[in-house]
Amino acid sequence: MSTVSGSNVGVMMMALRLARRIGCLLGIGILLSGLSWAHAEKPIISGQETVLPKAPEPFAGKIGPNVKESVEAFPNRLTAPKDAPNVLLIMTDDVGFAASSPFGGPIPTPNIDKLAANGLRYNRFNTAAMCSPTRASLLTGRNHHAVATGTVLDFTTGYPGYWSIIPKSAATVAEILKDNGYNTAMFGKNHNTPGWERSPAGPFDRWPTGLGFEYFYGFMAAETNQWSPTMYRDTVLVPTPQDDPNYILDRDLADDAIKWIHNQKAGAPDKPFFAYLATGSGHGPHHAPKEWIEKFKGKFDQGWDQARTDTLKRQKEDGIVPADADNNPRPAGVPAWDSLSADQKKLYAHFMEVYAGVIAYQDSQIGRIVDELARMGQLDNTLVIFIEGDNGASAEGGLSGTLNEMGVVNGVKESQDWKISMMDQMGGPNTYEHYPVGWAWAMNTPFQWFKSYASHLGGVRNGLVVSWPAHIKDKGAIRPQFHHVVDIMPTILEAAGIRMPTVVNGVKQQPVNGVSMLYSFNKADAPDRHRSQYFEMLGNRAMYQDGWMASTTPKRTFNGLYVSDGHPDTSYSWELYDLNKDYSQAHNIAAEHPDKLKALEALWWSEAKRNNVLPIDDNLGLLRFTDARKAYESKSAGYDYWGGDISVGNEVMPPILGRSFSIVADVVIPASGADGVLVAAGSHFGGWGFFLKGGVPIALESFSQQASDQFRVAGPSAIPAGPAMIEYDFDYDGGGPGKGGLMRISVNGQEVAHGRVDKTISLLAERDDTFDIGFDAGAPVSDEYKNGGRFTGDIRKVTVTVKGPDPLAGPPGAAPAKAAPARMEKTLQGE
């Protein structure tokens, strides 16, 4: 740094003060040209730091007794590496390898086609077979069990690989980019925050804003209602329109992402951004604008058998799969299309028309974001990574499809006649639907099995498109290298010129399991660098190494997801495939190569021990939903809520489902009378609502959206103005989950109504729904109130008292739920 003499400094400082007073900007510029400001023009050179965030540098100027004898020095600016690209990372949800047109699928997605034509397609890219695990690996670059996300967060258990708490030793790509001069934002689905932390009390360090994202707008669960989502901005619940026929989530997410990008470039035009868009629309419920569904009328009348045949033909013609790839046969139990009745064909084809409308509309909204980047002149140096699905296509709709996806858990019955009567409403706000398993099989062409079956490619093989116009020369090409979702973070960091840090926020980092894919961008025949990868999900296992894949034979059926009580690990048999010769994993050659199979099995067990996969647990029954809840829920029988406008996540709500309870609302009724919600949990697809209508107290249990599944008890007259104590008391019949009971309503200590509730839900039908006081967030429990049903009186206090045993605790004498260790969080952080 050059220096100036004390006398010169004095003269120049006096001149500066004078110039500031008279606003003489030209004079300031002339004076500054002769003065050296310490580091004013030398930003931090980021990207090579191994300890993040970078420690502040010491003051480089001079402090004297007064300004006359001192020299200023400003802190360095944190700046991303030179020419670091913007990054747009997109992951869709529950979309099989063969659903969309870039990979031979029957659903046209012209915007992703355009990305592929301007970039690369990878036809041997793999995920973790379910959403939370795939997303944990995507963001951290580590195997999902190694970051405590062995399965979806709804199935958390008390073992280190399944705690659902991403450790601080696995900093996300967002955290690393942010600490290297990027702006970071996330839009859409976040299913990596433990359920017991999804409340206004947090903690918030595992919400997106605690995982490196400076901004978040999205939902916090496996799925959401696309017409009435439960949305958060950063950590605050925000209302979305409940009665606006033009609202739908995919458009809302695209609008918000574009707005954020506009503002980011307005504030820092030269600063790169990392934007992560995680749509939830491919996952159930399948919702789409009616006009987009109508585009596909008659397009799937040929059925799933012919659709799969046609898809494989297109895949071979386009070079997506080898010419000798075989089509795996239809699974046993899935009916041949030609065996269906005319009514079944009509209904099942329409299920697929709805799904096609979902994916096509989703594509249009992704296209809006990409087109805007092009209009802004940003696309050329934007690395766009598009992953078509977080797992294979889902069989959760069962053999005949469903209009209430979680209904199978609650025991909802849907007749074929009723579903046909609802065809005109399918895809709209009165359905929570999922297509039949036959369509999932077609969307996974040419592979076998489905989402959650990590043993086979139908569960883990997903399409990947990468576009980076300024750097990818071989545009429109297909890349055959084997890769896994853990490779995305290393790829982004290498593209940005950023080293993987060894310490982040004071915590030593655990090894990254992924490898960068950048080597393959401009070298089609580059040898694979990701040569070995284990897989496991809910007992289904596989070991890949250099083209060979050993896979366990699945034992769980696909007729709905939640049907298994678990099997002893020793009952699984293993299969063997040579994927170098058998792309579609169609020929089990275990008998011909017993030594190879034995070696891969041994390697799997070694990897399992190293990555916290053990113990194997393939239980997928209802009880598994409650393990973490029992470990973390309040042990108090009473829950007090002081006022209205309160909302908590469903995993921290009072455990009123399937048991006796009372709700006492201390309210003040205004002179004009009161209407609206006192307490609501769930939606009309499955939930409880306690509200006033015309001043009359009402209790409603909605077992499903069907009229025969609505159980309503109402008082005889309006509650008069003034203070009132309104009590809803439910006496559960007992005998396990799903039973009925007697509902009593009292006002100021006097019973005013009672009635039977014949059956009750065991789980809220919408996994992102909340327990609300004074309003009903998301999709409503009842259509008797509108726009959230905000209570028009004054709620002073609501007390919920839980009574009797929890029916989900298992039969008498059953082992208690596996509790998490007392210091789980600190153990994961290495403290």
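Scan the range 536-555 and tell me whether some residue there is open to solvent by 10 Å² or more (accessible area, probe 1.4 Å) and within 24 Å of the chain's Cα centre (by Cα). No. Screening residue 200 with (1) at pLDDT 95 or above; (2) out of contact with any Phe, Trp or Tyr (no Cβ under 6 Å at 6 or more places or on another chain) gives one miss only, at (1).
Here residue 351 fulfils each of the conditions (1) outside any helix (DSSP H, G or I); (2) within 24 Å of the chain's Cα centre (by Cα) apart from (1).
(1) in contact with a Gly (Cβ under 7 Å, 6 or more places away or on another chain); (2) closer than 27 Å to residue 478 by Cβ; (3) hydrophobic (A, V, I, L, M, F, W, C): which one isn't true of residue 300, the others all being true? Going through (1) in contact with a Gly (Cβ under 7 Å, 6 or more places away or on another chain); (2) closer than 27 Å to residue 478 by Cβ; (3) hydrophobic (A, V, I, L, M, F, W, C) one by one, residue 300 breaks only (1).
If you go through the range 755-805 and keep only what is open to solvent by 30 Å² or more (accessible area, probe 1.4 Å) and not in a loop (DSSP other than H, G, I, E, B), you end up with 756, 794, 796, 797, 799, 801, 803. Within the range 377-407, take every residue that is assigned to a helix (DSSP H, G or I) and out of contact with any Ser or Thr (no Cβ under 7 Å at 6 or more places or on another chain) and give me the one that is surrounded by the most Cβ atoms within 10 Å (Cβ to Cβ). Going through the qualifying residues, I end up with 379. Restricted to the range 277-305, and to residues there that are out of contact with any Phe, Trp or Tyr (no Cβ under 8 Å at 6 or more places or on another chain) and either in a helix (DSSP H, G or I) or hydroxyl-bearing (Ser, Thr, Tyr) (or both), the residue that is surrounded by the fewest Cβ atoms within 10 Å (Cβ to Cβ) is 291. Of the residues making up the range 90-109, those that are within 23 Å of residue 189 (Cα to Cα) and out of contact with any strand residue (DSSP E or B) (no Cβ under 6 Å at 6 or more places or on another chain) are 93, 94, 96, 98.
Residue pairs, Cβ under 7 Å, 6 or more apart or interchain, first in the range 172-201 and closer than 30 Å to residue 773 by Cβ, second part of a strand (DSSP E or B) and of a type in the set (Val, Ile, Thr). List them. Close Cβ pairs satisfying both conditions: 199/648; 200/648.
Which condition from (1) acidic (Asp, Glu); (2) part of a loop (DSSP other than H, G, I, E, B); (3) surrounded by 23 or more Cβ atoms within 10 Å (Cβ to Cβ) is the one that residue 175 breaks? Against the list (1) acidic (Asp, Glu); (2) part of a loop (DSSP other than H, G, I, E, B); (3) surrounded by 23 or more Cβ atoms within 10 Å (Cβ to Cβ), residue 175 comes up short only on (2). How many of the residues in the range 140-152 are in a helix (DSSP H, G or I) and either open to solvent by less than 10 Å² (accessible area, probe 1.4 Å) or charged (D, E, K, R) (or both)? Within the range 140-152, residues that are in a helix (DSSP H, G or I) and either open to solvent by less than 10 Å² (accessible area, probe 1.4 Å) or charged (D, E, K, R) (or both) number 3. When the range 178-230 is limited to residues that are among the aliphatic types (A, V, I, L, M) and not in a strand (DSSP E or B), the one that is most open to solvent (accessible area, probe 1.4 Å) turns out to be 201. Please determine whether any residue of the range 411-421 is in contact (Cβ under 8 Å) with a residue 24 or more places away in the chain, among the β-branched types (Val, Ile, Thr) and touching a His at 6+ places or on another chain (Cβ under 7 Å). No. Please verify whether residue 779 is in contact with a helix residue (DSSP H, G or I) (Cβ under 8 Å, 6 or more places away or on another chain) and of a type in the set (A, V, I, L, M, F, W, C), treating the condition exactly as stated. Criteria not met by residue 779.
Entry remark, the range 124-145: residues being more than 13 Å from the chain's Cα centre (by Cα) and closer than 16 Å to residue 206 by Cα number 2 in total. Just to verify a result, which residue in the range 702-727, among those that are within 35 Å of the chain's Cα centre (by Cα) and closer than 17 Å to residue 661 by Cα, is least open to solvent (accessible area, probe 1.4 Å)? Once the filter is applied, the top-ranked residue is 702. Checking each residue in the range 682-700 for being surrounded by fewer than 24 Cβ atoms within 10 Å (Cβ to Cβ) and of a type in the set (Gly, Ala, Ser) picks out 694, 695. Residue pairs whose Cβ atoms lie under 7 Å apart, sitting 6 or more positions apart in sequence or on different chains, and linking a residue in the range 353-377 that is over 20 Å from residue 298 (Cα atoms) to a partner that is among the small types (Gly, Ala, Ser), are 362/281; 362/282; 365/254; 368/254; 369/254; 369/257. Of the residues 250, 243, the single one that is touching a residue at least 60 places away in the same chain (Cβ under 8 Å) and surrounded by fewer than 19 Cβ atoms within 10 Å (Cβ to Cβ) is 243. Say whether the condition of being touching a strand residue (DSSP E or B) at 6+ places or on another chain (Cβ under 6 Å), open to solvent by less than 50 Å² (accessible area, probe 1.4 Å), among the hydroxyl-bearing types (Ser, Thr, Tyr) and within 18 Å of residue 663 (Cβ to Cβ) is met by at least one residue in the range 736-749. Scanning the range 736-749, I find at least one residue that is touching a strand residue (DSSP E or B) at 6+ places or on another chain (Cβ under 6 Å), open to solvent by less than 50 Å² (accessible area, probe 1.4 Å), among the hydroxyl-bearing types (Ser, Thr, Tyr) and within 18 Å of residue 663 (Cβ to Cβ), so the answer is yes. Could you list all residues from the range 117-138 that are open to solvent by 10 Å² or more (accessible area, probe 1.4 Å) and within 22 Å of residue 87 (Cβ to Cβ)? Once the filter is applied, which keeps residues that are open to solvent by 10 Å² or more (accessible area, probe 1.4 Å) and within 22 Å of residue 87 (Cβ to Cβ), the range 117-138 yields 117, 118, 121. Does residue 156 qualify as being in contact with a Leu (Cβ under 7 Å, 6 or more places away or on another chain) and under 14 Å from residue 614 (Cα atoms)? No. When 502, 491 are checked against the criterion of being touching a residue at least 40 places away in the same chain (Cβ under 8 Å) and open to solvent by less than 20 Å² (accessible area, probe 1.4 Å), 491 stands alone in meeting it.
The values are calculated or read from the model by the stated rules, or taken from the named source; none is laboratory data. On a predicted model such as this, the values are computed, not experimentally measured, just so you know. Because the Cβ atoms are built from the backbone with ideal geometry, glycine has one as well, and the counts that use them run over all protein chains shown. Accessible surface is based on the protein model in full, side chains and every heavy atom, while ligands, DNA and RNA are left aside. Shrake-Rupley method; radii C 1.70, N 1.55, O 1.52, S 1.80 Å.
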